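To start, the structure itself, in structure tokens.
The values are calculated or read from the model by the stated rules, or taken from the named source; none is laboratory data. All values derive from a computational prediction rather than experimental measurement. Here the Cβ positions follow ideal geometry from the backbone for every residue, glycine too, while neighbour counts run over all protein chains shown.
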Number of protein chains: 2
Amino acid sequence: MAEVKEVKEITGGVTAAKGFRAAAAAAEIKYKGRTDMAMIYSETPCVAAGTFTTNVVKAAPVKWDQNVVYHHPAAQAVICNSGIANACTGEEGYGYCRQTAEAAAEILGIPTESVLVASTGVIGMQIPIDRIVNGVKMMVPVLADTLEAGTEAAKAIMTTDTVKKEVAVQVEIGGKTVTVGGMCKGSGMIHPNMCTMLGFVTTDAAISKEMLQLALSEDVKDTYNMVSVDGDTSTNDTVLLLANGKAENPEITEKNQDFELFCKALSYVNTTLAKSIAGDGEGATALFEVKIVGAKSKEQAVTLAKSVVTSSLTKAAIYGHDANWGRILCAMGYSGAQFDPEKVDLYFESKAGKLKIIENGVSTGYSEEEATKILSQEAVTAIADIKMGTAQATAWGCDLTYDYIKINADYRS
Amino acid sequence: MAEVKEVKEITGGVTAAKGFRAAAAAAEIKYKGRTDMAMIYSETPCVAAGTFTTNVVKAAPVKWDQNVVYHHPAAQAVICNSGIANACTGEEGYGYCRQTAEAAAEILGIPTESVLVASTGVIGMQIPIDRIVNGVKMMVPVLADTLEAGTEAAKAIMTTDTVKKEVAVQVEIGGKTVTVGGMCKGSGMIHPNMCTMLGFVTTDAAISKEMLQLALSEDVKDTYNMVSVDGDTSTNDTVLLLANGKAENPEITEKNQDFELFCKALSYVNTTLAKSIAGDGEGATALFEVKIVGAKSKEQAVTLAKSVVTSSLTKAAIYGHDANWGRILCAMGYSGAQFDPEKVDLYFESKAGKLKIIENGVSTGYSEEEATKILSQEAVTAIADIKMGTAQATAWGCDLTYDYIKINADYRS
């Protein structure tokens, strides 16, 4: 992302932009001895955009948020819990979303339909609504606009994540400094087909609801939707983007230079968060990046990149630092995209170097030792050139390890 | 398969049918101290049918066999090696297929184009053709029509398989006893999109080439194509079916009762082999069967069953004997098939009993203890009733375990 000179990374997350506050609480929804609820609040009403799971089985909070984002003009708060997903919970589960929003709305003095909710955790259990409401009551008085408050919120939404995930950037738009900050969480059931498990991005940009949704919808295609940890598209995938206009830039209402700048800032935040999810996939020891270049179309490049990054055999080989390139070519082959295997060049790259592994579909006779050195880094990239055109795509995943099995064989206990 | 009364299982494999011989050899293709080449030979020319991988990256033997099956009237021998897949090996690799066939043809005194070849193992390496030819020379003199010879062949084609896989059946057709026998091998890179890794079926039935191909093509859809170990469709998937007519039944040349009987026998063999591949998936401790019932169409049922059986999270839960049904509903939800999650009933079944887990999309409040007991068996079934019609489909897979990672993180060493 070095080429995006206009966008400057700063410290912070969801509270980096003006007028946003956050809080966390240990509400004992399912976990003990840690925070498990988070709240984001804007001092003034925001326009909101959202992208949601394409899974036919949608969690109750997804349905609630779709209604808020699609049918109401403004949003002002987000309430999130970890531990229980509130998915496959029927009308009772949807009722708890409403009760959560009502409780927050009443204390904050805002409309119920301006409160977004999100949940992550076990599917099929009902959330303990009394504890959720109690958590909301605990959080409202401690809402703060400090960076620490944002970090506490980022920690509270973690499930099997091993690190909190947040990032913030600034960009100059119309003579004003606009800030975009976000947080997200992984790290299992990650194969977003619309957006990642849970991502929350806030900005003080002045932008219309239509342009905000357009910016988000376009950007998730290249960011969250290019991440796969395990091929399982969750019932809860949600990215919410709130804009409160406090940067006082001229309102963005059309596709102009200001919009492009805003999109670059948003893309930086989403790309960083998406990669952090992939690198912190359940049990992962390495971030695995797959670049397809020389493609005939973007769609073809996306299909190929996603197929490789999702291949269990390839992921296991990455864990073993094994340059088993046949599995990569094989995964490209069953992706559904057409190409000529006998024209493919493949490279492995990491901070330890770059090595051409196959040329025109057959081994270059590369050094296995050098390949293993390259593949033993924390972030490794496979680059396949299919020599059909100029389109390209990048997907992010991780290796498949013993710990993935350990985490998921007994997740509910 | 208890309902198929006409079909009787007997002992044996590829040598069970009249006029078929087999042999194995330790040719040191890649493994040491074990057999790694197998041969099937029919005393008289056979009509041959085949189904092959849909992977764009096709191994050289797949291309060779497609030419034989599609463009030549007869086949009489199959030469198979394990250890090296002869995939991604360019023209050199294809040349080795021809040399293998030529060597066998010369010794056996049959046309080169009646020799089928198959390989399984590491992708990207060239096969040592001198050792292959030497293996052929070792096998021809010891070809035998005993059941033991068939078993030795089944053992020689194993890679990471833990057990050899063979089965044979008999069925009465036109007053004659027709025998169908087969062997196959798994057990990684198994998500056949045409047929399984390698399967060889022989029969003494008299049947035309057209009807033989029709029988095979239809049957693989319900058998090998419903197996997934890891979602990776191999470059080498091949099922070959040879019929030499020695049973002397009236030749089957059209869709009549005789054809139906033959199809039942073939289906028994293929189903048994397909399930044995799933149950012996790399690292597997359990055969995982997924039945979708009450579907609107066969296609919908297939899509849903395959999505569940392929889900890493579901497979890890099966390994943990954990009734984490939310993952099953989630995998159905992202399959691409439409259904109403709030109408789904789900059961777990094994020899320890049957339990209704969810009814109309929500938990029945079942006993976790009882569910764990059912899920702790060597073969477990999940049955989802989506209440839209009468179509159904069954898919077979296995659990996802530490050993899968162990086997695949360092497969090439």
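Structure notes:
- Qualifying positions in region A:100-112 - buried (at least 18 other Cβ atoms within 10 Å of the Cβ) and more than 17 Å from residue A:157 (Cα to Cα): A:101, A:103, A:104, A:105, A:110
- Among the candidates B:219, B:145, B:204, the residue that is of a type in the set (Asp, Glu) and touching a helix residue (DSSP H, G or I) at 6+ places or on another chain (Cβ under 9 Å) is uniquely B:219.
- One residue stands out among those in region A:68-88 that are outside any strand (DSSP E or B) and in contact with a Gly (Cβ under 7 Å, 6 or more places away or on another chain): the one that is farthest from the other protein chains (Cβ to nearest Cβ), which is A:69.
- Per this entry, residue B:353 is counted among residues that are surrounded by fewer than 18 Cβ atoms within 10 Å (Cβ to Cβ) and under 31 Å from the mean Cα position of the chain (by Cα).
- For residue B:76, the conditions (1) of a type outside the set (Lys, Arg); (2) more than 22 Å from residue B:269 (Cα to Cα); (3) modelled with pLDDT of 90 or more all hold with the exception of (2).
- Residues that are crowded, with 23+ Cβ neighbours inside 10 Å and closer than 18 Å to residue A:48 by Cβ within region A:77-99 comprise A:77, A:78, A:79, A:80, A:97, listed in sequence order.
- Residue B:11 surrounded by 21 or more Cβ atoms within 10 Å (Cβ to Cβ) and of a type outside the set (A, V, I, L, M, F, W, C): no
- For region A:238-247, the count of residues that are among the polar types (S, T, N, Q) and away from chain B (no Cβ under 14 Å) is nonzero.
- Those residues of region B:106-117 which are part of a helix (DSSP H, G or I) and touching a residue at least 12 places away in the same chain (Cβ under 8 Å), in sequence order: B:107, B:108, B:112, B:113, B:114
- Output for region B:1-46, where each listed residue is of a type in the set (Phe, Trp, Tyr) and under 16 Å from residue B:241 (Cα atoms): B:20, B:41
- Condition check for residue B:348: within 21 Å of residue A:87 (Cα to Cα), free of Cβ contacts under 8 Å to residues at least 40 places away in the same chain and buried (at least 22 other Cβ atoms within 10 Å of the Cβ): yes
- Any hit, region A:303-320, residues being free of Cβ contacts under 8 Å to residues at least 60 places away in the same chain and farther than 24 Å from residue B:229 by Cβ: no
- Take the conditions (1) surrounded by 20 or more Cβ atoms within 10 Å (Cβ to Cβ); (2) out of contact with any Leu (no Cβ under 6 Å at 6 or more places or on another chain); residue A:279 misses just one of them, which is (2).
- Scope region A:206-254; condition without any contact (Cβ under 8 Å) to a residue 60 or more places away in the chain, of a type in the set (A, V, I, L, M) and assigned to a loop (DSSP other than H, G, I, E, B); matching residues: A:206
- Yes/no for residue A:407 being within 26 Å of the chain's Cα centre (by Cα), within 13 Å of another protein chain (Cβ to nearest Cβ) and surrounded by 24 or more Cβ atoms within 10 Å (Cβ to Cβ): no
- So residue A:106, is it out of contact with any helix residue (DSSP H, G or I) (no Cβ under 6 Å at 6 or more places or on another chain), closer than 29 Å to residue A:9 by Cβ and modelled with pLDDT of 95 or more: no
- Qualifying residue in region B:287-310 (condition: polar (S, T, N, Q), over 23 Å from the mean Cα position of the chain (by Cα) and surrounded by fewer than 24 Cβ atoms within 10 Å (Cβ to Cβ)): yes
- Criterion applied to A:27, A:17, A:22 was being crowded, with 20+ Cβ neighbours inside 10 Å, in contact with a Ser or Thr (Cβ under 7 Å, 6 or more places away or on another chain) and in a loop (DSSP other than H, G, I, E, B), and the one residue passing it is A:17.
- For residue A:94: the one exception among (1) more than 14 Å from chain B (Cβ to nearest Cβ); (2) part of a helix (DSSP H, G or I): (1)
- Complete set of residues in region A:380-403 that are assigned to a loop (DSSP other than H, G, I, E, B), of a type in the set (S, T, N, Q) and in contact with a helix residue (DSSP H, G or I) (Cβ under 9 Å, 6 or more places away or on another chain): A:401
- Conditions (1) crowded, with 21+ Cβ neighbours inside 10 Å; (2) away from chain A (no Cβ under 13 Å): number failed by residue B:124: (2)
- Taking (1) touching a Leu at 6+ places or on another chain (Cβ under 8 Å); (2) part of a loop (DSSP other than H, G, I, E, B); (3) crowded, with 24+ Cβ neighbours inside 10 Å in turn, residue B:6 satisfies each apart from (3).
- Residue match in region B:37-51 (condition: part of a loop (DSSP other than H, G, I, E, B) and crowded, with 20+ Cβ neighbours inside 10 Å): no
- Of the helices (runs of 4 or more DSSP H) that lie entirely inside region B:284-379, those containing 3 or more residues that are within 12 Å of chain A (Cβ to nearest Cβ), within 19 Å of residue A:55 (Cβ to Cβ) and not aromatic (Phe, Trp, Tyr) span B:298-310, B:312-319, B:325-333.
Per-residue answers, yes or no, for (1) modelled with pLDDT of 95 or more; (2) more than 14 Å from every other protein chain (Cβ to nearest Cβ); (3) surrounded by 21 or more Cβ atoms within 10 Å (Cβ to Cβ):
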| residue | (1), (2), (3) |
| --- | --- |
| A:139 | yes, yes, yes |
| A:144 | yes, yes, no |
| A:156 | yes, yes, yes |
| A:179 | yes, yes, yes |
| A:185 | no, yes, yes |
| A:188 | no, no, yes |
| A:203 | yes, yes, yes |
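- When region B:52-67 is filtered for residues that are outside any strand (DSSP E or B), among the hydrophobic types (A, V, I, L, M, F, W, C) and within 14 Å of chain A (Cβ to nearest Cβ), the ones remaining, listed by number, are B:56, B:57, B:59, B:60, B:62.
- Only one entry of A:151, A:120, A:159, A:179 meets the criterion of being in contact (Cβ under 8 Å) with a residue 40 or more places away in the chain, part of a helix (DSSP H, G or I) and hydroxyl-bearing (Ser, Thr, Tyr), and that entry is A:151.
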